[in-house]
Amino acid sequence: MPDWTGFIDDALAVIEALDLRHMVGAGHSMGGHILIGAAARARQRFQRLILVDPVIMPPALYQMGDALPEGYVHPAAKRQGRFASAEEMQERFRDRLPYCLFTPAALQDYVRHGLRPMAEGTGQELRCAPEMEASVYVSSLKSGAIYEAIKQVPHPTLILRARPMKDWMAPDYTCSPTWPDLAGAFANGRDMALPELSHFLPMQSPKLVAEILSAELREAGVIAALGG
């Protein structure tokens, strides 16, 4: 895949097929990036956006996409893709970053929904093959057009950011892939820094993320305030 435009096209196709309107859109990681692309092209269907540590990197970083050496292989392509069972995968990931940061329930869901029976033989394999995952990471570096999309987004936009990346040239995937100044690129952006958390905010602190989402929904008038 050359870039993430196709994912944005898919999201728009679902939105239009379901004729969704007055949406409060929320997206984590790559989902936040895709949400911005969709909101820029279907502004009338949204009223507010919540981006949870979106993969929208510093503008200059997108120039790397055309500078990768021929035959470059992303490290994700080398991850283990097959397991004897879901239990084996869960045990293997339990003490490894970033998975050791997940709540037990989040890790269990990741394993349960991330695997499928192997087409041949016994055991389980990742639904998203390591080579596919690697190609998604690489194509993110060629998705700098997202900044043109940001200019087309007038909606109130809240950006949650985890702890900042120390070295963008040697990324730590537990840190935030979000440009720290991203909120200022929006016409109506707000920044909420959560440096005590990792990029995997919803898996690490689902209660906090749910509370923030609920507050935004109340602000938008989508749900009534709870309590006395």
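Output the number of residues of the stretch 89-111 satisfying the condition of being assigned to a loop (DSSP other than H, G, I, E, B) and among the aromatic types (F, W, Y).
Counting residues in the stretch 89-111 that are assigned to a loop (DSSP other than H, G, I, E, B) and among the aromatic types (F, W, Y) gives 1.
Collect the residues in the stretch 37-67 that are in contact with a Gly (Cβ under 8 Å, 6 or more places away or on another chain), crowded, with 20+ Cβ neighbours inside 10 Å and part of a helix (DSSP H, G or I), keeping them in residue-number order.
Those that are in contact with a Gly (Cβ under 8 Å, 6 or more places away or on another chain), crowded, with 20+ Cβ neighbours inside 10 Å and part of a helix (DSSP H, G or I): A38, A39.
Tell me which residues, restricted to the stretch 135-174, are of a type in the set (G, A, S), surrounded by fewer than 19 Cβ atoms within 10 Å (Cβ to Cβ) and more than 18 Å from D9 (Cβ to Cβ).
A170
For residues in the stretch 205-221 being assigned to a helix (DSSP H, G or I) and of a type in the set (A, V, I, L, M), which is farthest from T174 (Cα to Cα)?
That would be L217.
Name the single residue that is farthest from A60 (Cα to Cα) among those in the stretch 115-145 being free of Cβ contacts under 8 Å to residues at least 24 places away in the same chain and under 19 Å from the mean Cα position of the chain (by Cα).
Per the stated criteria, the residue is R127.
Residues that are part of a helix (DSSP H, G or I), assigned by TED's automatic domain parsing to the domain that holds P117 and in contact with a strand residue (DSSP E or B) (Cβ under 7 Å, 6 or more places away or on another chain): does the stretch 81-88 have at least one?
Within the stretch 81-88, one or more residues are part of a helix (DSSP H, G or I), assigned by TED's automatic domain parsing to the domain that holds P117 and in contact with a strand residue (DSSP E or B) (Cβ under 7 Å, 6 or more places away or on another chain).
Residue-by-condition table, conditions (1) of a type in the set (S, T, Y); (2) in contact (Cβ under 8 Å) with a residue 24 or more places away in the chain; (3) closer than 19 Å to I36 by Cα; (4) assigned to a helix (DSSP H, G or I):
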| position | (1), (2), (3), (4) |
| --- | --- |
| D167 | no, no, no, no |
| A170 | no, no, no, no |
| T174 | yes, yes, no, no |
| T178 | yes, yes, yes, no |
| A183 | no, yes, yes, yes |
| M192 | no, yes, yes, no |
| E196 | no, yes, no, no |
| H199 | no, yes, yes, no |
| M203 | no, yes, no, yes |
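Does the stretch 113-127 hold any residues that are surrounded by fewer than 12 Cβ atoms within 10 Å (Cβ to Cβ) and either on the phi > 0 side of the Ramachandran plot or in a helix (DSSP H, G or I) (or both), and which are they?
If the condition is that a residue be surrounded by fewer than 12 Cβ atoms within 10 Å (Cβ to Cβ) and either on the phi > 0 side of the Ramachandran plot or in a helix (DSSP H, G or I) (or both), then H113, G121 are the ones that fit.
Which ones in the stretch 1-28 are of a type in the set (G, A, S) and either in a helix (DSSP H, G or I) or farther than 28 Å from L141 by Cα (or both)?
G6, A11, A13, A17
For residues that are of a type in the set (A, V, I, L, M) and touching a Ser or Thr at 6+ places or on another chain (Cβ under 9 Å), tally how many sit in the stretch 1-52.
8
Which condition number in (1) touching a residue at least 40 places away in the same chain (Cβ under 8 Å); (2) exposed (fewer than 11 other Cβ atoms within 10 Å of the Cβ); (3) under 19 Å from the mean Cα position of the chain (by Cα) is the one that A84 fails?
Every condition holds for A84 apart from (3).
The values are calculated or read from the model by the stated rules, or taken from the named source; none is laboratory data. Bear in mind that the values here come from a model prediction, so they are computed numbers and not experimental data. When we count neighbours, we look across all protein chains shown, and the Cβ atoms used for this are built from the backbone with ideal geometry, even at glycine.
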